[in-house]
Each structure stands twice: as structure tokens, then as C-alpha cells.
1. Expected output is a single nm value to one decimal: the length gained when fully extending between H124 and I60, i.e. 0.36 nm times separation in residues minus the C-alpha distance. What is it?
2. Neighbouring Cβ atoms within 10 Å as the yardstick, rank C112, C135 fewest first.
3. Please state, as a whole number in µm²/s, the translational diffusion coefficient that the Stokes-Einstein equation yields for the stretch 30-76 at 20 °C and 1.002 mPa s, with Rh defined as the Kirkwood radius across alpha carbon pairs.
4. Over the chain, what is the relative contact order in whole percent, taking alpha-carbon pairs under 8 Å and six or more residues apart?
5. By how many degrees, 0 to 90 and rounded to 10, does the Cα axis of helix 23-77 deviate from the longest principal axis of the chain?
6. Tell me the label only: which of [x] 75, 21, 9; [y] 35, 17, 12; [z] 75, 16, 11 is semi-axes √(5λ) of the Cα gyration tensor in Å as calculated from this structure?
7. Counting other C-beta atoms within 10 Å, which of S50, S131 has the fewest, and how do the rest follow?
8. Projected onto the charge dipole of the chain (+1 at Lys/Arg Cβ, -1 at Asp/Glu Cβ, origin at the Cα centre), which of L73, N99, A36 gives the Cα projection farthest towards the positive end?
Amino acid sequence: MFPKTTSLAKLTQQPSLQRQRGSMLVLALFIIIVLAMMGATMVKLVMATSQSALTDNFGINAKNTAQVGLEMLGMQTFPLNTPIQVCATTITSPSSMQNIPGLQNCSYTASCTTSDVVKNGVDHYFYRFSSTGTCVIGEQIVSRTLSVEALQTR
């Protein structure tokens, strides 16, 4: 009826080594597996971070390349000391652009269109410029597109 009582001396005795045989092996395997999984996760995290930084860097280069395309197109459309002209052209980056530090493996394609607009009874030319800069990193291609609009009285 009453539970069997155990003496205090029996409870404080060291457990037999025979009963614990193999438990250290299971614990060691568990620790090795957990550490291997943590290591694999860290490797993936570092690789993803470095890939993201590389893409960001080449994204800035692609944006700068597109900016160069807009500036070149603007210089052709609005040369100094010349009459107003329309623009309906597409230009691409020259091969000499590959020699510019930071813009290697990058190119641009820039285009413009001109529309006739009447604003407050005055005739205007409405210019729309667009340039796409593209940089190639191995098998990955990063591109950025910039657009500018301008209004000029005829």
C-alpha cells in the first residue's frame, strides 16, 4: 500500500559506469551535427552578403554609365550657341568607354524623343531622354535606367 522507500545512501551513490556506456557518443554526435549545420548556415550567409555587396557595387556603376549616356545625349541635343533642334535618335557607348576606370564591362544605350506641346498658348518642344546602363559580372547582368524630361520654348 505504501510506496517503497529508498535510503538516502542509495540515492547519493554514483551511478554505475556500465549504465552510462554510449551516452557520451550520442551527445558528441548531436553536438557535431548542430555545429556542422551552424557552419553551413554561416557560409551561406557570408556568400549571400558578398553577392549582395557585389550587385550593389555594379548597380552603382550601371547607374553612372546610364548617367554618362544621358549627358552625351544632352550635349548632342543642346550644343552651345546653336539653334533649337529636335531629337529623335539613339546612341550607344563608344568602345573607348572600356578604358574608363570603374566602367569596364559596362555600356549604355541612350535615346530621345521630341514632341510638340502648346503650353499657355506658346509652342514648346517636349524632350524625353532615357538611358540604360548595363554592367556584366560573369554570368550576372546588372542594369539601371535613368530618364529626364525637358521643356523648351520654340
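What follows is calculated from the coordinates using simple rules that are stated; it is not laboratory data. Given the structure is predicted, the values throughout are model-derived calculations rather than measurements. FYI the Cβ positions are ideal-geometry reconstructions off the backbone, even for glycines, and counts take in every protein chain you see.
1. My answer for the length gained is 19.6 nm.
2. In increasing order of surrounding Cβ atoms, one gets C112, C135.
3. In µm²/s, the coefficient rounds to 157.
4. 21
5. Once rounded, the angle reads 10 degrees.
6. Answer label, from the structure shown: [x].
7. Going from least to most buried by this count: S50, S131.
8. The one lying farthest along the dipole's positive direction is A36.
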